[in-house]
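Enquirer: Right, I'll just put the structure down here and ask away after.
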Amino acid sequence: MSVPFFSGNAVMEAVSPHEAYDAVRDAFVAHARGEWTMQPKLYVTNYPAGDFRAMPALGGGHALLKWVTSFPGNPARGLPTVTGLVLLSNADTGQLEAVLDAAAVTALRTAAAGVLAADTLCRGGATSYAVVGCGVNGAETARMLVAHGVVPSVWDVDQARRELVAERLGARVAASVEEALAAEVVVTVTPGASVLYPAGSLAIGQHVSLMGADGPGKAEVAVEELGRSHLFCDDWEQASHGGELAAGVDAGVVSRERVTELGRVLAGDADGRRSAEDVTLFDSTGLAIQDLAIAKAAVAKAEALELPRVEL
């Protein structure tokens, strides 16, 4: 028996930014309605070096298992932060149908979730967009914004990297990190090692999709800012234990009643932004149902691609 293997390039060739966006949106809605299911991700930690994550999901006739890593110190070694594999199986027979590069799947679904949340929660008429963090996932986020007709400013601590991403994608390099963080709509895609928004820094009407703090001890925004913002997340169980909101929960600032899952807003079961003055924050921890959406979209294109096969 053999199954197709999607390299990172093959995943990107198979799934366009628009297809990724639509697939992830549909997955959020299916999960909110109970049609797609998943368990909170399991962390196997080796801190401070990094961690391994096991992420299962079931929906749309398929089951998925993602085994993926996050080792923030790897770029200094010339290695990627995220590596791993996605296994996609037929939910009716249990047969493995495809193996995919996890880093590419992660980049697509991270970008889709961040931009989708921004589109859903930002105030009408917003004109300034920024992406902070130009690693693989941040660059893909900028690419998705450009594909949707937005020219974002980009910022990264690495000058060469931010300039390369801007030139390659048709974005603009922000004059400073302060300029990027002050945009009306911001997607932060950093390792979460340091707070980007200290107490009192969020502007009235601003929206920020917080994509970097996806594990214990990580944060891109101060706890005080969680207390004065309208809060959204991808999944409460994950976010309250290992996401941006976890510190707020520990501090007693964030409770379940204060947080709305994005899927419920997209499904029409909950309200999003309440007014133009609302400060909205979206905490993304990364969901297996998002990976499932991207994997299914890629596999639908398998016959059109010349893919190597993995012998089992």
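What follows draws every value from the coordinates through simple rules; no lab data is involved. Everything numeric in this text was worked out from a predicted model, so none of it was measured. Neighbour counts are summed over all protein chains in view; Cβ atoms, including those assigned to glycine, are modelled from backbone coordinates with ideal geometry.
Enquirer: Which distance in nm do the two modelled labels at Asp269 and Thr93 give, with both placed 7 Å along the Cα-to-Cβ direction?
Expert: Between Asp269 and Thr93, the simple spin-label model gives 3.3 nm.
Enquirer: For Lys301, list the lysines whose Cα falls under 22 Å from its own Cα; do not include residues on the same chain fewer than 8 positions away.
Expert: Correct list for Lys301: Lys66.
Enquirer: Please determine, in degrees from 0 to 90 and to the nearest 10, the orientation of helix 136-147 with respect to the longest principal axis defined by the Cα atoms of the chain, where the helix direction is its Cα long axis.
Expert: 80 degrees
Enquirer: Short version: ³J(HN,Hα) in whole Hz for each residue of the stretch 9-23, in order, from phi by Karplus 6.51 cos²θ - 1.76 cosθ + 1.60 (θ = phi - 60°), x for Gly and Pro, what are they?
Expert: Result, rounded to whole Hz: 5, 5, 4, 5, 5, 6, 10, 6, x, 5, 5, 5, 4, 5, 5.
Enquirer: So what is the calculated 222 nm ellipticity per residue for the chain, using -39500 (n - 2.57) for each DSSP H run with n of 4 or more, over all residues, to the nearest 500 deg cm²/dmol?
Expert: Rounded to the nearest 500, the figure is -9500 deg cm²/dmol.
Enquirer: Work out the FRET efficiency for Ala49 and Asp158 from their Cβ-Cβ distance, taking R0 = 25 Å, and round it to the nearest 0.05.
Expert: 0.75
Enquirer: A further question follows. Would you mind computing, in nm to one decimal, how far apart the modelled labels at Ala193 and Trp67 are, each placed 7 Å from Cα along Cα→Cβ?
Expert: Inter-label distance under the simple model: 2.8 nm.
Enquirer: Oh, and also: Tell me, what is a quarter of the convex hull surface for the C-alpha atoms of the stretch 104-238, in nm² with one decimal?
Expert: 7.9 nm²
Enquirer: Once phi is turned into ³J(HN,Hα) by the Karplus curve 6.51 cos²θ - 1.76 cosθ + 1.60 with θ = phi - 60°, what whole-Hz value does each residue of the stretch 222-234 show in order, with x for glycine and proline?
Expert: Using θ = phi - 60°, the values come out as 5, 4, 4, 6, 4, x, 10, 10, 7, 9, 9, 8, 7 Hz.
Enquirer: For the chain, compute Rg over Rh where Rg is the Cα radius of gyration and Rh is the Kirkwood radius from the inverse mean 1/r over Cα pairs.
Expert: The Rg/Rh ratio comes out at 0.95.
Enquirer: Still on this structure, I have one more. Among Thr127, Thr93, Thr81, which one shows the biggest mean-square fluctuation in a GNM of the chain, springs joining Cα atoms closer than 10 Å?
Expert: The residue with the greatest mean-square fluctuation here is Thr93.
Enquirer: Additional query: Under the definition of Cα pairs under 8 Å and six or more residues apart, what whole-number percent is the relative contact order of the chain?
Expert: 23 percent
Enquirer: Can you run phi through the Karplus equation (6.51, -1.76, 1.60; θ = phi - 60°) for the stretch 29-40 and list ³J(HN,Hα) in whole Hz, with x for Gly and Pro?
Expert: 5, 4, 5, 4, 8, x, 7, 10, 10, 7, 9, x
Enquirer: Based on Cβ point charges of +1 for Lys and Arg and -1 for Asp and Glu, what charge dipole magnitude is obtained for the stretch 107-286 about its Cα centre, in debye rounded to the nearest 20?
Expert: Roughly 320 debye for the stretch 107-286.
Enquirer: If each of Leu312 and Thr37 carries a label point 7 Å out from its Cα toward its Cβ, how far apart are those two points in nm?
Expert: So the two model labels end up 2.2 nm from each other.
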